[in-house]
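Notes for the one structure printed next.
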Amino acid sequence: MRATVGLILLAVIGVGVGISLLAIPFGAPKTEIGDYYIENAREDTGATNVVTSVVVGYRAFDTLGEVTVLFVAALGLGAVLATAGGKRGRSGVEPASLILSAGNIFLFPLILLFGAYIFTHGHLTPGGGFQGGAVIASAFLLVYLSSPGKRINESGATLTESVSGLVFVAIGLLGLTYGTHYFLANFLPKGTLNTLFSAGIIPVIYCAIGLKVGSELAGVVDNLMEETE
Amino acid sequence: MIIIVSLLVLAMLVAAVAALIYRDLLSAVIASCLVSLLASILFFFLQAPDVAMAEASIGAALVTAIFVIAIRRTKRYEE
C-alpha cells in the first residue's frame with residue numbers, strides 16, 4: 001500500500017518536474033562563466049583539472065563551507081550516538097570469512113594508496129579531496145568488516161581532522177597577508193602546468209581536505225559500528 | 001552513446017522501483033546501492049569523472065554500509 005502511494009507520488013513529481021523542465025533547452029549554456037573558466041582556468045590557477053580549479057581556486061570559500069557542513073554533521077552524529085550511551089567496544093560480532101580477512105590484508109594498503117593518489121593529484125587528474133577522503137574511509141570500513149576486534153585510533157583521527165582543518169583556514173588567512181590580499185588567495189608560485197608541484201595552494205588544500213574527510217568519515221563508521229546497548 | 005545512456009537510465013529505474021517494493025530491507029538497500037553504482041557509470045559516460053568517483057565511493061560504498069549497519073541494529077523486514 002505504502003509502496004503504491006510512493007510510486008504514484010513519484011510519478012506525479014516526475015511528470016511535474018518533466019513538464020517544467022521541458023521549456024528549458026537541455027545543455028544550452030545560460031551564463032558565460034563556464035566558457036570563462038574553460039578558457040582562463042589554467043592560467044589563473046595553474047591547475048590542469050578545471051573542476052579542481054573551480055572547487056579550490058575560484059570557489060575555495062564555498063568549499064570551506066562545505067567542509068564545515070560535513071564536520072558539523074559528523075560532530076552531530078557523534079554527539080547523538082554518545083548520548084545514546086552504552087558500553088564501548090564491539091562484543092558478540094562473529095569473525096569474518098577467510099576470503100574477506102585475507103583480501104583485506106592485501107587490499108587495505110592499496111586502497112589507502114589509491115585514496116592518497118586521488119587527493120594529491122587532484123589538480124592534475126579527475127578527483128580530489130572529497131573523493132580521496134571517501135576512498136580512504138571505505139578502506140577503514142573494509143577493516144571494520146573483516147576484523148571485528150580492530151578499531152581506529154580515535155584520538156589520532158581527531159588530531160588529523162583538527163590539524164588539516166586548521167591548515168585549510170591558516171592557508172586562507174596567509175592569503176590575506178601575501179600575494180593579492182584576499183581570503184584563500186593563491187600566494188604560492190604556480191609552477192609548471194601539468195606537474196605535481198604546481199597550482200600553488202591547491203594541492204596543499206586538497207591534501208588537507210582529503211585527510212580531513214577521510215578521518216571524519218572513518219570516525220562516522222567507527223561511531224556507527226561500535227556496540228551501544 | 002544514446003543507447004548506453006538509455007539502457008543505464010532504464011536499469012536505474014528498475015533498481016529504484018525494486019528498492020521501493022522489496023519487503024526485505026537488506027535487498028532494498030542493495031537495490032539502492034545498484035542505483036548509485038549505475039549513476040556513477042552514467043556520470044562517467046556523461047564526461048563527469050569527478051562526480052562519478054564521489055558517487056561510487058560515497059553513494060555505493062559508505063551509504064550502503066551505513067544502511068546495512070542500521071538494519072542490523074533494528075529489524076530486517078518491513079511490516
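Values in this text are rule-based calculations from the coordinates and carry no lab data. A quick note: this is a predicted structure, and the numbers were derived from the prediction, not measured. FYI the Cβ positions are ideal-geometry reconstructions off the backbone, even for glycines, and counts take in every protein chain you see.
Computed over chain A with a Gaussian network model linking Cα atoms closer than 10 Å, the most mobile of A:V56, A:V204, A:V163 is A:V163. Ranking of B:I2, A:I111, B:I71 by neighbouring Cβ atoms within 10 Å, starting from the fewest: B:I2, B:I71, A:I111. The label point for A:L176 and the one for A:N153, both projected 7 Å from the Cα toward the Cβ, are 3.4 nm apart. Between A:Y36, A:Y178, A:Y117, the Gaussian network model of chain A with springs among Cα atoms under 10 angstrom shows the greatest mean-square fluctuation at A:Y36. A cut-off under 15 angstrom between Cβ atoms defines the neighbours of A:S162, and their net charge, with Lys, Arg +1 and Asp, Glu -1, is -2. Give me the net charge for the shell around B:E78: Cβ to Cβ below 12 angstrom, other residues only, Lys and Arg +1, Asp and Glu -1. That sum, taken over residues with Cβ under 12 Å, equals +2.
Taking chain B as a Gaussian network of alpha-carbon nodes connected by springs under 10 Å, the highest mean-square fluctuation of the residues B:L25, B:L37, B:L46 belongs to B:L46. The share of C-alpha pairs in chain B whose separation exceeds 22 Å stands at 28 percent. Sorted ascending by nearby beta carbons within 10 Å, beginning with the fewest, A:F61, A:F140, A:F114, A:F106 become A:F106, A:F61, A:F114, A:F140.
The count of lysine pairs in the protein assembly as shown whose Cα atoms are under 25 Å apart, excluding pairs fewer than 8 places apart on the same chain, comes to 4.
Ranking A:G149, A:A60, A:I105 by Cα position along the charge dipole of the protein assembly as shown, where only Lys, Arg, Asp and Glu carry charges on their C-beta atoms, puts A:G149 farthest toward the positive end.
In region A:127-229, Cα pairs under 8 Å separated by at least six residues give a relative contact order of 41 percent. So how tilted is helix B:25-45 from the main axis of chain B? Cα-based, degrees 0 to 90, rounded to 10. Its long axis makes an angle of about 10 degrees.
In chain A, Cα pairs under 8 Å separated by at least six residues give a relative contact order of 27 percent. Note on A:R151, B:R76: ascending count of other Cβ atoms within 10 Å places them as B:R76, A:R151, the fewest first.
In summary, the helical segments of chain A meeting the span-like criteria, namely a full DSSP H run, a Cα extent along the axis of 18 angstrom or more and a mean Kyte-Doolittle hydropathy of at least -1.0, are A:2-22, A:60-83, A:98-120, A:129-146, A:154-177, A:202-225. Working from Cα positions, state the angle (0 to 90°, nearest 10) between the long axis of helix B:63-73 and the longest principal axis of chain B. Computed tilt is about 10 degrees.
The Cα-based radius of gyration of region A:2-228, divided by its Kirkwood radius, gives an Rg/Rh of 1.06.
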